[in-house]
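Working notes, beginning with the structure itself.
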Amino acid sequence: MVQKVVPLLGIVQEKENIDMKRMIVEINEDLCNGCGLCIPNCAEGALKIVDGKARVVSELFCDGLGACIGHCPLGAIRVVEKEAEAYDEWRVMERVVKSGPELVKEHLRHLSEHGQEEYLRQAKEFLALFGYEVPPLPEEREEQSRKVQSPLNHQWPVQLHLVNPASPAFKNGDLLLAADCTAFVAENFHRSFRRNKVIAVACPKLDSEQERYLEKIVQFVDQGAIRSITVLIMEVPCCGGLVRLVQRAIGRTSRKIPIKVQVLDIQGNLIQEENL
């Protein structure tokens, strides 16, 4: 988290708060033994141990979402509706940022998980206004990851004529040699067939210079030191040419590696799998 670049100047304290009927945490002092397990789970800092009991030290810090409830071993905490000082997200953020970036992240996560979009907006507004970094929420990081990461893991190109078998991307990898059509018919192609494999694609019927393919496969094994080849094809007759191409290539290699053939039907279902 970057350092604060604008002082608070008492801005938060100037916001007006009035009593209103809302949900708020209530503690049964007869049941509470002062164990303090609820304290770390109140990111807003509304709870403290006072005179051996957990107490709501400020109603304006309690959002009424009850994150502390599940951590009370004696059931001394509940959420009730009553007249209370209005919750103030900016006042909460003034306290939270003083405790460091981890508590800020926890507070934002807490608001997000409970669907408190307005409070979450206010919290981010506070951070941005006073020069704090706004940490992404887990779901936001996941979305960013989906946007910037390719299933190919930066391996490019993938067409067999264009790939370089000596590329570090293939070194000691497991090669998926896929017929062109397979990626278009197989649902979750990358998850089901491409996972943890390097890839090359080809069409044994339409592609020209098949002998060049033969040389490439030999290079994959002998120069790229790949560990295995999985040939993924369709059930249509023309795809069998890709399997025969691999068999011919392995006959010329100095190393012998495992070869697997997987066959998809025209709906994209895996219907056959065998080791050569």
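Values computed for the structure shown
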item: Segment Asn172-Trp156, extension gain: residue separation times 0.36 nm, minus the distance between their alpha carbons; result: 4.1 nm
item: Whether the stretch 224-276 is rounded, prolate or oblate, judged on the alpha carbon gyration tensor where a/c under 1.5 counts as rounded; result: prolate
item: Expected 222 nm ellipticity per residue - DSSP helices of 4 or more, -39500 (n - 2.57), all of the chain, to 500; result: -8000 deg cm²/dmol
item: When the chain is reduced to its Cα atoms, the Kirkwood hydrodynamic radius in Å; result: 23.8
item: Value of relative contact order over the stretch 12-144, rounded to a whole percent, pairs C-alpha under 8 Å and six or more apart; result: 26
item: Set Lys98/Lys124; Lys53/Lys98; Lys21/Lys48; Lys105/Lys197; Lys171/Lys256; Lys21/Lys98 screened for pairs whose C-alpha atoms are more than 26 Å apart; result: Lys105/Lys197; Lys21/Lys98
item: Charge tally in the Cβ shell below 13 Å around Leu162, where Lys, Arg are +1 and Asp, Glu are -1, Leu162 excluded; result: 0
item: Sequence-distant residues sharing a close amide H with Glu85 (under 5 Å, placed H); result: Met20
item: Computed E for Gln223/Ile271 - FRET, C-beta separation, R0 35 angstrom, nearest 0.05; result: 0.55
item: Residue-count net charge about Ala178 - beta-carbon cut-off 10 Å; Lys, Arg +1, Asp, Glu -1; result: +1
item: For Cys35, net neighbour charge (Lys/Arg +1, Asp/Glu -1) across residues whose Cβ lies under 14 Å away; result: +2
item: Part-to-part distance (alpha-carbon centres) for the stretch 188-260 and the stretch 53-87, which is given in Å; result: 63
item: Fully extended contour minus Cα-Cα distance, from Asn33 to Arg191, at 0.36 nm per residue; result: 51.8 nm
item: GluC sites (Glu not before Pro) restricted to the stretch 72-143 and DSSP loop, no more than 16 other C-beta within 10 Å; result: Glu133
item: Per-residue HN-Hα couplings for the stretch 97-109 [Karplus 6.51, -1.76, 1.60; θ = phi - 60°; Hz; x = Gly/Pro]; result: 5, 5, 8, x, x, 5, 5, 4, 4, 5, 5, 4, 4
item: Karplus-derived HN-Hα couplings along the stretch 194-208 (A = 6.51, B = -1.76, C = 1.60, θ = phi - 60°), whole Hz, x at Gly and Pro; result: 8, 3, 6, 10, 7, 9, 9, 10, 7, 10, x, 9, 9, 6, 8
item: Which of Gln223, Leu270, Ile233, positive extreme of dipole for the stretch 168-275 (C-beta unit charges); result: Gln223
item: Set of the stretch 252-276 residues, backbone N closer than 11 Å to the point 7 Å along the Cα-Cβ line of Val236; result: 266
item: GNM result for the chain, Cα springs below 10 Å: residue of Ile266, Ile217, Ile199 fluctuating most strongly; result: Ile266
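Taken together, the values in this text are just the output of simple stated rules run on the coordinates, not laboratory data. The structure displayed is predicted, hence computed values, not measured ones. For neighbour counting, all protein chains shown are included, and Cβ atoms are generated from backbone atoms with ideal geometry for every residue, glycine included.
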